[in-house]
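Novice: Next up is a structure, given as structure tokens.
Values in this text are rule-based calculations from the coordinates and carry no lab data. In this text the structure is predicted, and so the values were computed from the model without any measurement. FYI the Cβ positions are ideal-geometry reconstructions off the backbone, even for glycines, and counts take in every protein chain you see.
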Amino acid sequence: MYGAIWRLLPGPRWLKAIEALVLALAVVAVLFTWVFPWVAENFGMFETTVG
């Protein structure tokens, strides 16, 4: 999978490395901004009450 992404990125090797880093940071930002809060809200992982 990573090889396919590497081949799809345009430019020389140094530019591909920068683009891959920016892409990885964008994925992490999306996860922390929208995905993880949605999961915490909808799946109730932090509700640890014992009855």
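Novice: Just a yes or no: is a residue in the range 29-49 assigned to a loop (DSSP other than H, G, I, E, B), among the hydroxyl-bearing types (Ser, Thr, Tyr) and on the phi < 0 side of the Ramachandran plot? Give the derivation first.
Specialist: Our first condition is that a residue be assigned to a loop (DSSP other than H, G, I, E, B); within the range 29-49, this holds for 44-49.
Filter once more, so that each one left must be among the hydroxyl-bearing types (Ser, Thr, Tyr): 48-49.
Imposing the further condition that a residue be on the phi < 0 side of the Ramachandran plot reduces the set to 48-49.
Looking through the range 29-49, at least one residue is assigned to a loop (DSSP other than H, G, I, E, B), among the hydroxyl-bearing types (Ser, Thr, Tyr) and on the phi < 0 side of the Ramachandran plot.
Novice: Are there any pairs with C-beta distances below 6 angstrom linking a residue in the range 6-33 that is without any contact (Cβ under 8 Å) to a residue 24 or more places away in the chain to a residue that is assigned to a loop (DSSP other than H, G, I, E, B) and hydrophobic (A, V, I, L, M, F, W, C), with the two at least 6 apart or on different chains, and if so which?
Specialist: 16/9; 19/9
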